[in-house]
Amino acid sequence: MKAIILNKPRGLYGKLMLRLKEIEHNHKFIPWSNSYEKLCRNYSLNKQEIREIIFILRDFGLVDVSPLGIKLNFEVKNG
C-alpha cells in the first residue's frame, strides 16, 4: 500500500498519529504494549478506548492492524 503523506496533523487524531510515529523506530510493526504505554499515559484513556481509536484509523486506511501490532501507512511532512 502506498504511504499517505500528512501535512500538519491537528486535533486528537493528528496528535495520536504523531505519537505513533514517535514510537515507530523503523520497525515493521509497533507492538500493542508499546502503543498502549505511550497513548494511555498521554491521553488518560484506557486500553479499550485506544483500541477503538486505532480501529478508526484502520478504517481510514492510515494503519494496518495485526496480532503483532500496528503498522503505519502514513508519513508526516514537516513544515
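Here are some notes:
- If the condition is being polar (S, T, N, Q) and surrounded by 13 or more Cβ atoms within 10 Å (Cβ to Cβ), then segment 1-41 contributes ASN34, SER35.
- Single residue of segment 69-79 satisfying the filter (assigned to a strand (DSSP E or B) and either hydrophobic (A, V, I, L, M, F, W, C) or modelled with pLDDT under 90 (or both)) that is farthest from the chain's Cα centre (by Cα): LYS77
- Subset of segment 60-77 that is within 14 Å of SER35 (Cα to Cα) and in contact (Cβ under 8 Å) with a residue 12 or more places away in the chain - its residue that is surrounded by the fewest Cβ atoms within 10 Å (Cβ to Cβ): SER66
Each row is one residue, and each column tells you yes or no for (1) on the phi < 0 side of the Ramachandran plot; (2) at pLDDT below 85.
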residue	(1), (2)
ARG19	yes, no
ILE23	yes, no
LYS38	yes, no
ASN42	yes, yes
ASN46	yes, no
GLY61	no, no
PRO67	yes, no
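- Of all residues in segment 39-52 being part of a helix (DSSP H, G or I) and polar (S, T, N, Q), the one that is farthest from the chain's Cα centre (by Cα): GLN48
- With respect to the conditions (1) at pLDDT below 90; (2) farther than 14 Å from ILE4 by Cβ, GLU52 falls short on a single one, namely (1).
Residues are listed down the side, and each one gets a yes or a no for (1) part of a helix (DSSP H, G or I); (2) among the polar types (S, T, N, Q); (3) touching a Leu at 6+ places or on another chain (Cβ under 8 Å):
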| position | (1), (2), (3) |
| --- | --- |
| LEU12 | yes, no, no |
| ILE23 | yes, no, no |
| HIS27 | no, no, no |
| SER33 | yes, yes, no |
| GLU37 | yes, no, no |
| ILE54 | yes, no, no |
| LEU57 | yes, no, yes |
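- Once segment 1-34 is narrowed to residues that are in contact with a Gly (Cβ under 7 Å, 6 or more places away or on another chain) and without any contact (Cβ under 8 Å) to a residue 40 or more places away in the chain, the residue that is nearest to ILE53 (Cα to Cα) is TRP32.
The values are calculated or read from the model by the stated rules, or taken from the named source; none is laboratory data. The shown structure was predicted, so the numbers you read here are calculated from the model rather than taken from an experiment. Neighbour counts run over all protein chains shown; Cβ positions are idealised from the backbone, glycine included.
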